[in-house]
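> Before I ask anything, let me first share the structure, which is written out below as structure tokens.
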Amino acid sequence: MNVEFIEQKLNEIFKELEQEVISVLMDESLDKGQTNLHMKPLTSTKQILVNALDSIKMVDRLAKEDLEK
């Protein structure tokens, strides 16, 4: 499994999510509640992707350890 490639692609997605966050924060037409409603899916998505990447790295590490045995 090419974990570096996966991590690179997820970092690209993170950058896009950060751009969306900035655009939401800069949107002066949104009040605090609306801003929070727009931010929640973005932060949740990022956390899900971070957890997925951590899981992929763990599985890859365990697979490599099994091959060494």
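The values are calculated or read from the model by the stated rules, or taken from the named source; none is laboratory data. Since this is a predicted model, take the numbers as computed values, not measurements. Please note: Cβ atoms are built from the backbone with ideal geometry, for glycine as well, and neighbour counts cover all protein chains shown. Surface accessibility is based on the protein's heavy atoms, side chains included, excluding ligands, DNA and RNA. Shrake-Rupley method; radii C 1.70, N 1.55, O 1.52, S 1.80 Å.
> Between D31 and I6, 0.36 nm times their residue separation minus their Cα-Cα distance comes to what?
Additional length available on full extension: 5.4 nm.
> On a 0 to 90° scale, report how tilted helix 32-68 is relative to the longest principal axis of the chain, with both axes built from alpha carbons and the result rounded to the nearest 10.
0
> Name the aspartates and glutamates eligible as straight-distance cross-link partners of K40: C-alpha to C-alpha under 20 Å, and not fewer than 8 places from it in the same chain.
Leaving aside aspartates and glutamates fewer than 8 places away in the same chain, those within reach of K40 are E12, E16, E18, E20, D27, E28, D31.
> Please give the per residue accessible area of the chain, computed with a probe of 1.4 Å over protein heavy atoms only, in Å².
Working: 5620 Å² over 69 residues.
The answer is 81 Å² per residue.
> For the Cα atoms of the chain, what angle does the longest principal axis make with the long axis of helix 3-26, in degrees from 0 to 90, nearest 10?
10
> Counting Lys and Arg as +1 and Asp and Glu as -1, each charge on the Cβ, what is the dipole of the chain about the Cα centre in debye, to the nearest 20?
The dipole of the chain has a size of about 200 debye.
> Report in % the part of the accessible area of the chain that belongs to carbon and sulfur, leaving out ligands and nucleic acids; probe 1.4 Å.
57
> Right, something else. Got a sec? Which residues in segment 26-69 would a label at I13 touch, if it sits 7 Å along Cα→Cβ and we count backbone N under 11 Å?
45-54
> Can you give me the solvent accessible area of K15 with a 1.4 Å probe, rounded to the nearest 10 Å²?
We get 130 Å² for K15.
> Starting from the Cα of K9, draw a straight line to each of the lysines and keep only those under 17 Å, dropping any in the same chain fewer than 8 residues away.
The qualifying lysines are K46, K57.
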